[in-house]
1. Would you kindly work out, in nm and rounded to one decimal, the distances from the label point of residue B:139 to those of the same position in each other copy, ordered shortest first, with label points 7 Å along Cα-to-Cβ?
2. What net charge is computed for the residues neighbouring residue A:128, neighbours being all others with C-beta under 13 Å from the C-beta of residue A:128, Lys and Arg scored +1, Asp and Glu -1?
3. For chain A, set up a Gaussian network in which alpha carbons nearer than 10 Å are linked by springs, and say which option among A:39, A:71, A:139 fluctuates the most.
4. Where a ≥ b ≥ c are the square roots of the eigenvalues of the C-alpha gyration tensor, would you call the protein assembly as shown rounded, which needs a/c under 1.5, or, failing that, prolate if a/b is larger than b/c, or oblate?
5. Relative to the other copies, what are the label-point distances for residue B:109, with labels 7 Å from Cα along the C-beta vector, expressed in nm at one decimal and sorted shortest first?
6. Using a Gaussian network for chain B with springs between C-alpha atoms less than 10 Å apart, which of these wobbles most: B:53, B:82, B:30?
7. Rounded to the nearest 10 degrees, what's the angle between the helix A:135-146 long axis and the longest principal axis of chain A, both from Cα atoms, 0 to 90?
8. What number comes out for the charge environment of residue B:20, summing +1 per Lys or Arg and -1 per Asp or Glu over other residues with Cβ under 14 Å away?
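The values are calculated or read from the model by the stated rules, or taken from the named source; none is laboratory data. If you're wondering where the values come from, they're calculated on a predicted model, not measured in any experiment. Neighbour counts run over all protein chains shown; Cβ positions are idealised from the backbone, glycine included. What goes into the accessible areas is simple: the full protein's heavy atoms, side chains included, and nothing from ligands, DNA or RNA. Shrake-Rupley method; radii C 1.70, N 1.55, O 1.52, S 1.80 Å.
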There are 2 protein chains.
Amino acid sequence: MTRKKTSADKGLDFGILPSLAGYQLRLAQIAIFRDFAAALGEFDVTPGLFGVIVIIDANPGLKQSELARAAHLDRSTVVSVIDNLERRGLVERRPADNDRRSNALVLTPDGVALLKKLKRRVGEHEKRLVEHLSEEERATLVTLLQKIFPEQR
Amino acid sequence: MTRKKTSADKGLDFGILPSLAGYQLRLAQIAIFRDFAAALGEFDVTPGLFGVIVIIDANPGLKQSELARAAHLDRSTVVSVIDNLERRGLVERRPADNDRRSNALVLTPDGVALLKKLKRRVGEHEKRLVEHLSEEERATLVTLLQKIFPEQR
DNA sequence: GTCAAATTGTTTGACGTCTAACAATATAAC
DNA sequence: GTTATATTGTTAGACGTCAAACAATTTGAC
C-alpha cells in the first residue's frame, strides 16, 4: 500500500489518473501551454493562433472553411479569429476568385514580420519543451503521438 | 522540394508545424478530447471534470483550493465546477473543521455511483487511445510525456 | 495580545471555443 | 434552364476557463 486515503499530509491521491495516457498527455499539454503563453504573452498569441498564422502564410489565399478544417476549428470560430487578426492588421480578407461567398486569406506585411518574430520565440519554447529529452527520445515521442487516433487527421 | 506553396490542390501546407513536438501533442490532445466527448457525452463529463471527480473521491474532505492546485484549475473555476456538480447532486460542500473559510468536498452516493460508470467508459476510451501502440510503446509514451516540463508538477 | 500579511471562497468581466440557425451563393439533378 | 441540395461566412447563445477584486477568516511578527 502506497498511501492511505485518509492521510492528512499534503500529498494528494490522484487515483487512477496517473495511469491514464490521456491524463499524462493532458498534464504535458497544460505545462506546454503555460510556457508558450509566458514566452509569447507579449504578442498575445496562443498555440492555436500561431498555427493559424503559419497555415495562412504557407497557403496564401486559402478560404476560411479550409483554414477551419486545417486548424481543427469550427467555421464560426474562424470568423472571430480572423476578425481578431484583421483588426490587428496581420491578415486581410480578399474576395476570392470564382466564388463570391468565400474570402481569400493573406498575411499582410505586418503579419509576415510578426510571424518571423513568433517563429524565433516558438523555437526557443520548443527547445525548452524537449530539454530533458535526447534527440532520439524526441523523435520517438513524435512518432508515438502520431499513432494516437491517426484516423482522425 | 515536397510541395509548392502555390499548389492549387487540396493538400495544404502546414509549414513548420508538423516538426514541432508541441503541435503534435496538441493534435493528439484534440483527437483524444473528441473521442472522450463521444464516449462520455451522454454523461456531460469532460476530461477535466472526470479528473475533478476522481480527485474528490480519492481525497474526501479536501478543500476547494487544494482541488484547484491538484486539478490545475483557478480557484474561481473550481467554484463554478463545484456549483455544477453540487447542482447535479454529485458533490457536497461541507463546513471544514478548524477553518470557517473552507469547504470540505465529498462525493455523494450518486457521485460515487456515477464515477463507477465513468471509469468503465474511460477505460474503454483509454483502450482506443493506445490501440495502435504496443504495451511497451504505451509505457514509453508515458515516460517521455513526464519528461516535459517536469518542474511544473 | 495586536495588527499586518496570507489564504479561502466568491463575484464580475473577459476570452476562446462550440452548436444551431440563417442568408447568400454555388453545385448537382433533372 | 429550373430547382433542390450543399457550401460559405456570419450571428446569437451557451459553456469552460482565467484574472482581478473583494470580504471573511486565519496565520505570523512583534
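1. In ascending order, 2.3 nm.
2. Overall, the nearby charge balance is 0.
3. A:139
4. It is prolate, given that a/c is not under 1.5 and a/b is the larger ratio.
5. 7.3
6. Comparing B:53, B:82, B:30 in the GNM, the peak value goes to B:30.
7. So the inclination is approximately 70 degrees.
8. Overall, the nearby charge balance is +4.
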